[in-house]
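These notes are about the structure you will find just below.
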Amino acid sequence: MADTLTGKVEVEPTIEEASFGFGRFWQRFREMSFRDKRLTLMGVLRFYLRSRLFDSGGPAVLSRNVVIGKRRPARLVLGRGARIAKGCVLVVGTGREPESVLEIGPRTVIGPGTRIMAASQVHIGARCMISWNCSIFDSIGHKLWLKSTGESEIEAPITIGDDVWIGPNSIIMKGVTIGSGSVVGAGSVVRRDVPPKSLVVGNPARVIDRVLRWER
């Protein structure tokens, strides 16, 4: 069942973050249904078959049809227990200095069809939930001159804190920092920094309330 504001959906099981270790993972694994065990093992196998693309982190779960583009110098880090759903696109690097970085933290879930592009740096914290068809990009891709401000900045890093929940069809634009514990409503366009534990909605996204907690 999906939440109308944030698009929270049931997700496939993932490996526990590094602090729990493999003992915790196997305990959870034994409790899974046969279908969940198969999906988890297939996802972990995909991760290891493509491990040359990752600079550190894992093991993690990769679903089918995940597109990964990497142009060095670039680093792609996927934390232990992270899950990348089907149809996601991860692109890091421009083929020129300085080094580009895309880091996705432990137990973070990236929903189907989401695109993340890191020309400079994109850091996503631990235990985040990013819903389907979201766009996170730290570059506008082309030079732009405006009458009011002159030449616009092309690239600026994005930082998403721990335990952030981003609803479906949301857009996170260059130079944004989203504080830990925040929730971004469905269809929001985040153009400015979001304080920790804030609920933001709209285009442009604005703070409408304070988040006490949310359940994964």
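Loop-only trypsin sites (Lys or Arg not before Pro) in the stretch 74-125, please: DSSP not H, G, I, E or B, and at most 15 other Cβ atoms within 10 Å.
The qualifying sites are K86, R96.
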### Summary
Bridge orientation stat for the stretch 71-189 from DSSP, antiparallel percent rounded to 5, came to 10 percent
### Task
Quote the relative contact order of the chain in percent (integer), defining contacts as alpha-carbon pairs under 8 Å separated by 6+ residues.
13 percent
### Query
Tell me, what HN-Hα J-couplings in whole Hz come from the Karplus equation 6.51 cos²θ - 1.76 cosθ + 1.60 at θ = phi - 60° for each residue of the stretch 59-69, using x for Gly and Pro?
x, 9, 10, 10, 7, 5, 6, 8, 9, 10, x
### Query
In degrees between 0 and 90, to the nearest 10, how far off the longest principal axis of the chain does helix 34-49 point, with axes built from Cα atoms?
60 degrees
### Message
Just to confirm the filter: which GluC sites (Glu not before Pro) across the stretch 150-208 are DSSP coil and have at most 14 other Cβ within 10 angstrom of their Cβ?
### Response
E153
### Message
5 Å is the cut-off here: which amide hydrogens, built 1.01 Å from N in the peptide plane, fall below it relative to V194, excluding neighbours closer than 5 in sequence?
### Response
T177, I178, G179
#### Entry: Angle in degrees between helix 21-31 and the longest Cα principal axis of the chain, rounded to the nearest 10
70 degrees
## Note on the structure
For Q121, the net charge from surrounding residues (Cβ-Cβ under 13 Å; K, R +1; D, E -1) works out to -2
### Task
List the lysines whose Cα lies under 23 Å from the Cα of K197, skipping any in the same chain that are fewer than 8 positions away.
K8, K174
### Query
Mind listing the phi-derived Karplus ³J(HN,Hα) values for the stretch 157-172, rounded to whole Hz, using 6.51, -1.76 and 1.60 with θ = phi - 60°, and x for any glycine or proline?
x, 10, 10, 10, x, 6, 6, 9, 10, 10, x, x, 6, 8, 10, 10
### Task
Among [x] 12.5; [y] 14.9; [z] 19.5, find the value of mean projected area of the Cα convex hull in nm² that was calculated from the structure presented, and write down its label.
[x]
### Query
Near the amide H of G125, under 5 Å away, which other amide H atoms are found, from residues 5 or more places off or on another chain, if H is placed in the peptide plane?
G105, I160, G161
#### Entry: Range of Cα positions in the stretch 120-209 per principal axis (Å), largest first
37, 25, 23
### Message
Taking 25 Å as R0, compute the FRET efficiency from the Cβ-Cβ separation of D209 and I140 and round it to 0.05.
### Response
0.25
### Task
Scan around G69 for amide H atoms under 5 Å from its own, H built in the peptide plane at 1.01 Å from N, and keep only partners 5 or more places away or cross-chain.
L90, V91, V92
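Since every read-out is calculated from the coordinates, none of them should be taken as a lab result. These figures come from a predicted structure and were not determined experimentally. Glycine gets a Cβ as well: all are built from the backbone with ideal geometry, and neighbour counts include every protein chain shown.
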